[in-house]
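Heads up, the thing below is written out as structure tokens.
The values are calculated or read from the model by the stated rules, or taken from the named source; none is laboratory data. As the structure is a computational prediction, the values presented were derived from the model and not from experiment. When we count neighbours, we look across all protein chains shown, and the Cβ atoms used for this are built from the backbone with ideal geometry, even at glycine.
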Amino acid sequence: MRAPVLGGGPAAQDAALREANAFCAQQGLVFVPVQMGPSGNPYSSYGPLNFTATFRCLTANDPAAIRTRQN
């Protein structure tokens with residue numbers, strides 16, 4: 001979650017994806033998203049301020065990781 005003054009939803013998305021990537025990289029693995037998207041109140045005047053990412057950390061030669069890089 002990021003406050004509107006700190007960039008709101010887009011900043012939350014950037015932070016979540018950077019942290020997920022770093023988490024996988026620390027283990028020598030590749031970030032592969034499973035499900036992700038904005039969350040929070042979509043009717044807020046600022047839009048959703050949260051971002052949720054479900055992901056897996058896979059080896060670079062895993063077929064799912066290869067498919068993700070190709071898309």
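Tallying residues that are polar (S, T, N, Q) and outside any strand (DSSP E or B) within region 27-50 yields 4. Selection of region 19-71 for residues being without any contact (Cβ under 8 Å) to a residue 12 or more places away in the chain and touching a strand residue (DSSP E or B) at 6+ places or on another chain (Cβ under 6 Å) yields only Asn21.
Just to be sure before I move on: is Arg69 out of contact with any Gly (no Cβ under 8 Å at 6 or more places or on another chain) and surrounded by 12 or more Cβ atoms within 10 Å (Cβ to Cβ) in the structure I sent? Criteria not met by Arg69. Has region 51-64 got any residue that is assigned to a helix (DSSP H, G or I) and either at pLDDT below 90 or not β-branched (Val, Ile, Thr) (or both)? Checking region 51-64: at least one residue is assigned to a helix (DSSP H, G or I) and either at pLDDT below 90 or not β-branched (Val, Ile, Thr) (or both).
Within region 5-45, which residues are more than 24 Å from Cys57 (Cβ to Cβ) and surrounded by 16 or more Cβ atoms within 10 Å (Cβ to Cβ)? Once the filter is applied, which keeps residues that are more than 24 Å from Cys57 (Cβ to Cβ) and surrounded by 16 or more Cβ atoms within 10 Å (Cβ to Cβ), region 5-45 yields Gly8, Gly9, Gly40. So for region 10-26 (the condition being assigned to a loop (DSSP other than H, G, I, E, B) and either polar (S, T, N, Q) or within 17 Å of Thr68 (Cβ to Cβ) (or both)), does at least one residue qualify? Checking region 10-26: not a single residue is assigned to a loop (DSSP other than H, G, I, E, B) and either polar (S, T, N, Q) or within 17 Å of Thr68 (Cβ to Cβ) (or both).
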